[in-house]
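The values are calculated or read from the model by the stated rules, or taken from the named source; none is laboratory data. Note that this is a predicted model, so its numbers are computed, not measured. In this analysis, Cβ positions are derived from the backbone assuming ideal geometry, glycine residues included, and neighbour counts consider all displayed protein chains. Remember, those area values only see protein heavy atoms, side chains included, never the ligands or the DNA or RNA. Shrake-Rupley method; radii C 1.70, N 1.55, O 1.52, S 1.80 Å.
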Amino acid sequence: MVPGGTYKAMSQLRRGVVEYCVLALLWDDRRYGVEILRELGKVDAMVTSEGTIYPLLSRLHRDALVEAAWQESAGGPPRKYYELTPAGRQALEEFSAAWPEFNDAVLHFLNKNKTR
């Protein structure tokens, strides 16, 4: 067995795609951080932590892929909401266009390995 096994593989895969999953969650509406965490957590392979998501959201904001704005909350402290910018939409569209070819390429090598 490989050290770290499935956990390491999933961690590496998640690291490569989670930002695009976040952008996809913001496609139709703005969301706040905990809401994004909850949505990601509904899919086992995408479960992540606040320690991962908030630095990611900060980077997406710094890269002008999302806008952020504080809004008062009726049931507690103000929340920071994130929404896609035009550049964020374009980045997600480019990723979505590239994903099938990338996925096919990975499957090519995985399936080739199974025939040995």
(request) Consider the candidate values (i) 39; (ii) 30; (iii) 34; state which one is percent of Cα pairs over 23 Å apart computed from the structure displayed. (result) (i)
(request) Please give the calculated 222 nm ellipticity per residue for the chain, where each DSSP H segment of at least 4 residues contributes -39500 (n - 2.57) and the sum is spread over every residue; nearest 500 deg cm²/dmol? (result) -21000 deg cm²/dmol
(request) List, in order, the whole-Hz ³J(HN,Hα) value for each residue of the range 83-91 obtained from phi through the Karplus relation with A = 6.51, B = -1.76, C = 1.60 and θ = phi - 60°; use x for Gly and Pro. (result) 9, 5, 9, x, 5, x, 4, 5, 4
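Using a probe of 1.4 angstrom, how much of the accessible area of the range 4-70 is carbon and sulfur, in percent?
Details: 2170 of 4070 Å².
Whole-percent figure for carbon plus sulfur exposure: 53.
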(request) Mind checking which of H61, A87, A98 is farthest towards the positive end of the chain's charge dipole, using Cβ charges of +1 (Lys, Arg) and -1 (Asp, Glu) about the Cα centre? (result) A98
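Keeping every protein chain present and rolling a 1.4 Å probe, give me the accessible area per residue for the range 31-116 in Å². The partial results should precede the final answer.
Working: 5980 Å² over 86 residues.
Per residue, the range 31-116 has an accessible area of 70 Å².
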(message) Just want to confirm a number: the relative contact order over the chain, from Cα pairs under 8 angstrom separated by 6+ residues, in percent.
(response) 24 percent
(message) Spelling out what I want: for every residue of the range 95-107, take phi, set θ = phi - 60°, compute 6.51 cos²θ - 1.76 cosθ + 1.60 (Karplus), and round to whole Hz; glycine and proline get x.
(response) 4, 4, 6, 7, 4, x, 5, 5, 4, 4, 5, 5, 4
(request) Name the long-range amide H neighbours of D63: under 5 Å, sequence gap of 5 or more, or other chain; modelled H, no Pro or chain starts. (result) none
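Sort the following peptides by mean Cβ neighbour count (other Cβ atoms within 10 Å, averaged over residues), highest first: 18-28, 49-59.
Numbers: 18-28: 18.0, 49-59: 13.5.
Per-residue mean Cβ counts within 10 Å order the peptides as 18-28, 49-59.
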(request) Report, ordered by chain and residue number, the lysines lying within cross-link reach of K8, taken as a straight Cα distance under 25 Å and ignoring same-chain residues fewer than 8 apart. (result) K42, K112, K114
(request) Could you sort 70-81, 88-99 so that the peptide with the highest average Cβ count within 10 Å comes first and the rest follow in order? (result) 88-99, 70-81
(request) Report ³J(HN,Hα) in whole Hz for each residue of the range 12-18, in order, from the Karplus equation J = 6.51 cos²θ - 1.76 cosθ + 1.60 where θ = phi - 60°; Gly and Pro get x. (result) 5, 4, 4, 4, x, 10, 4
(message) Can you give me the C-alpha center-to-center distance between the range 86-110 and the range 64-82, rounded to a whole angstrom?
(response) 29 Å
(request) Scan around Y32 for amide H atoms under 5 Å from its own, H built in the peptide plane at 1.01 Å from N, and keep only partners 5 or more places away or cross-chain. (result) Y82
